[in-house]
Amino acid sequence: MDVKSVGVIGAGQMGNGIAHVLALADYDVLLNDVSQDALNNALATIEGNLARQASRGKISDEAMQNALKRITTTLELPRLGQTDLVIEAATEREAVKQAIFEDLQPHLLPHTILTSNTSSISITRLASRTDRPERFMGFHFMNPVPVMQLVELIRGIATDEDTFSACKAVVDKLGKTAASAEDFPAFIVNRILMPMINEAVYTLYEGVGNVQSIDQSMKLGANHPMGPLELADFIGLDTCLAIMNVLHDGLADTKYRPCPLLTKYVEAGWLGRKTQRGFYDYRGDAPVPTR
């Protein structure tokens, strides 16, 4: 199947990045959200990021303008049913994602492929609630989408080969690399990354090191571009906790138990960069460790 139009559900950090790269790759994009403000902010973010790419010579001014013309926004979810491919990028809560697919289902074209950008939730379980589990799969972009080169493609138990091939062709056209993952909790990247972040939080919780020493140690001692606590703030501590809970519940192994300190930060509403406070305080001129 030749995908020409893509519907993106959710105009947040992931959704606007997905719309950005799809439009640059000549796809017609219909971007949906429940909030007009979110859609307006997404368009402003996309335009700013495209302009930054153009100013650095990574894309031409013409490519930037053409990409912006390919993105249409809508508050009406049913309109996305007329696209060839739907990528759901809503909040990382299974009940929300299931409700979206149930609302969209009556409006889908027979050939429309459904995908989720979930970072951890079972693709097989999400697919089972739709009328097309064979045309459903995981389409997991990394953050920030315009910069990161990997996309995890996750088959559910019923996903057919044509669906995988169509999604792989989209990834190839985006100029990104596809990693094929099986449908087990958190897939590949987060199965490895999140326990590392959680262990860094335990290291802080147990007083082995403070925020600065932990991040500095991993940057200078393991050559990581970003420390694990800084990275957690960038991802969002609520997202990190949600993925750890999926791992803990899905694999029933105590090594995936979320650190109580991570839970406490989320309870406080200190979710990282998006709330201006997490393991660092971002309200000043430079980030300041909170511990």
Within region 20-66, the residues that are surrounded by fewer than 15 Cβ atoms within 10 Å (Cβ to Cβ), of a type in the set (Asp, Glu) and within 17 Å of residue 173 (Cα to Cα) are 26
Out of region 258-273, which residues are surrounded by fewer than 21 Cβ atoms within 10 Å (Cβ to Cβ), without any contact (Cβ under 8 Å) to a residue 40 or more places away in the chain and either touching a helix residue (DSSP H, G or I) at 6+ places or on another chain (Cβ under 8 Å) or not small (Gly, Ala, Ser) (or both)?
263, 264, 266, 267, 269, 270
Considering every residue within region 171-178, establish whether at least one is of a type in the set (Val, Ile, Thr) and without any contact (Cβ under 8 Å) to a residue 40 or more places away in the chain.
yes
Given the criterion in contact with a Gly (Cβ under 9 Å, 6 or more places away or on another chain), assigned to a loop (DSSP other than H, G, I, E, B) and on the phi < 0 side of the Ramachandran plot, identify the matching residue among 285, 233, 215, 183.
183
Show the residue pairs that are 6+ apart or on different chains and have beta-carbon atoms under 8 Å apart, the first residue being within region 120-134 and under 12 Å from residue 98 (Cα atoms) and touching a residue at least 60 places away in the same chain (Cβ under 8 Å), the second being among the basic types (Lys, Arg) and in a helix (DSSP H, G or I).
121/97
List pairs: first in region 141-170 and among the basic types (Lys, Arg), second assigned to a helix (DSSP H, G or I), Cβ under 9 Å, 6+ apart or cross-chain?
155/123; 155/124; 155/163; 155/164
State all residues of region 123-141 that are under 19 Å from residue 14 (Cβ atoms) and either in contact with a Cys (Cβ under 7 Å, 6 or more places away or on another chain) or modelled with pLDDT under 95 (or both); if no residue qualifies, say none.
137, 139
Restricting attention to region 105-124, does a residue exist that is within 18 Å of residue 155 (Cα to Cα), in a helix (DSSP H, G or I) and touching a Pro at 6+ places or on another chain (Cβ under 7 Å)?
no
Mind telling me which of the residues 242, 200, 252 ends up being outside the structural domain of residue 142 (by TED's automatic domain parsing) and closer than 22 Å to residue 140 by Cα?
242
Can you tell me how many residues within region 25-50 are touching a residue at least 60 places away in the same chain (Cβ under 8 Å) and aliphatic (A, V, I, L, M)?
1
Restricting attention to region 246-278, the residues that are more than 21 Å from the chain's Cα centre (by Cα) and part of a loop (DSSP other than H, G, I, E, B) number exactly 4
Sort through 226, 142 and tell me the only one that's surrounded by 15 or more Cβ atoms within 10 Å (Cβ to Cβ), of a type outside the set (Lys, Arg) and either under 23 Å from residue 16 (Cα atoms) or touching a helix residue (DSSP H, G or I) at 6+ places or on another chain (Cβ under 9 Å) (or both).
142
Return the residues of region 54-112 that are touching a residue at least 40 places away in the same chain (Cβ under 8 Å), polar (S, T, N, Q) and either within 22 Å of residue 1 (Cβ to Cβ) or not assigned by TED's automatic domain parsing to the domain that holds residue 162 (or both); say none if nothing qualifies.
72, 82, 83
Region 200-246, residues that are modelled with pLDDT of 95 or more, more than 20 Å from residue 268 (Cα to Cα) and of a type in the set (A, V, I, L, M, F, W, C):
208, 214, 218, 220, 222, 226
For residue 89, only one of the following conditions fails: (1) at pLDDT 95 or above; (2) touching an Asp or Glu at 6+ places or on another chain (Cβ under 7 Å); (3) under 27 Å from residue 35 (Cβ atoms); (4) of a type in the set (Gly, Ala, Ser). What is its number?
(2)
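The values are calculated or read from the model by the stated rules, or taken from the named source; none is laboratory data. In this text, all values refer to a predicted model and were calculated from it rather than measured experimentally. Here Cβ is always computed from backbone atoms with ideal geometry, including for glycine, and neighbour counts include all displayed protein chains.
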